[in-house]
Amino acid sequence: MALPPSLSARLDLWECDCSLCSGGAPGVTSCVPRSTWFEHRRLRSGRPPRPRTAAVAAAAARGADAAAAAPLAAEAPAIGQGGVGDGEGGVGGEAETVAGSGEAEGGPAPNPEPPTLRPNGVCIPAKVFKDNIDDFVAYNFVVQHCLSREATEDYPQQRRSAGTCHTPYALNAMVHSSVDLYTKKVDCCSGGCVAFTAERKALTACDACKAPRYRADGKPHKQATYWPLLSWLRMMLADAKIGAGMVKAMKEAREAAASSPAEGVRDWYDGATFRKLVELGYFSTNTCVALSISTDGFQAWKQRGFEGWPIIATILNVDPSARVQVVSQLILGITPGRSQPADLESFLHPIAEELDVLAAGVSGVNVTGFPESKVVRAFVVQFTTDMPAGDKVLNAIGGNGEYPGRFRLFCGVWLNRRYYYPP
């Protein structure tokens, strides 16, 4: 049972269904002020509260909610007996009040779903977007036209009557609180040489350039950011158009791989790698996903000598016309520069860890066209690079590389500071 529109509009209260406001009961919501609503969304997505202590933030939220609850209880006593915004969930009658009473009695609220299990994307309802559409338009205008810092600060001041965010900080905070975007950060060398992964996890200095890993305050000099693949796949498979096309394409690919011999070379599913994987039982269902991983270096701000290497995943079981579109390609990570990495493989370890999880199978994924949740698996079919990136991945650097050539199947053995190639 929702609040009367006249009351919610006059009191400027928004319905919040987070674990704090609902007490863990499905379908239960509480009405909270606008600032509290965005703060709860920010905390739910795993981001830290805004720059103030947690105690001050909690006290401010309780004070604002209590002030809003007093006129509401006086004007609409039949709505419910629970306090508005306290997590008692008293906006839906007796059943909802009982369901949310655990939070009021001091019981622990259920933990939110882990970020890696939820899809990336917009986390606000359509009504909230409509109420703040002017602010979203302003943010989009600033980003699309690459406004300078001075112009960004001046632009919201010129449109005070149109939006509620009058500073760039408030605008950024509002947009970030409206989107669930999960990332993973890994310590790396300040010069971008290596990432401290795998056998380098315990190192306190870069083994390539000897730069220290930590600052004097104990914080890392630099971190590489990774965007999870699983959250992205959940969003695509749940989409009515994209998910259905992915399932259909995998079904046709498996049928093509089962036929022998291959009928020419039509697409990736006619390759020997995919046909061998199907034969070994890897792509066993139509909800499996075929991936292509690619990397290539780019130079930006050449005068400063910055160079980065993005690692990109492409969904292969989509229509070829959509395979090169943004929705079918995701940047999993970018080496942070300044120069090209001395060991590109060290930046691939966090991605490989998630690929191991996807290869083992992830249950509970909603796939369009299926009434029940499915187990989704994803496998890398190919790894594409340009020539410099291929040399880095294979360590094929001249005659003393691990692989003496890109098309040679044998590799060298490291001994006494060089590679040897036994017969």
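Just so it is clear, none of the values below were taken in a lab; they were calculated from the coordinates. Given the structure is predicted, the values throughout are model-derived calculations rather than measurements. Positions of Cβ are backbone-derived with ideal geometry, glycine not excepted, and every protein chain shown enters the neighbour counts.
Numbers at a glance
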read-out	value
A258 paired with R215, simple spin-label distance in nm, labels 7 Å along Cα-to-beta-carbon	5.9 nm
Extension gain, L280 back to N395 (0.36 nm per residue minus Cα-Cα distance, nm)	38.5 nm
DSSP-defined beta bridges in the range 287-423 - what % are antiparallel, rounded to 5	70 percent
Label point at A238 placed 7 Å out along Cα→Cβ; residues across the range 352-379 whose backbone nitrogen lies under 11 Å	365-368
Sites matching GluC sites (Glu not before Pro) across the range 283-376 that sit in DSSP coil, with at most 15 neighbouring C-beta atoms within 10 Å	E372
Gain on full stretching of the segment that runs from F410 to A352 - 0.36 nm per residue minus C-alpha separation	18.6 nm
Length released on extending from R34 to I331, taking residue separation times 0.36 nm less the Cα-Cα span	103.6 nm
The range 259-301, dipole about Cα centre (Lys/Arg Cβ +1, Asp/Glu Cβ -1), debye to the nearest 20	80 debye
Taking the range 225-339 and dividing mean pair separation by its residue count, relative contact order in percent (alpha carbons under 8 Å, at least six apart)	26 percent
Exposure proxy ranking, count of Cβ atoms within 10 Å, fewest first, for K219, K184	K219, K184
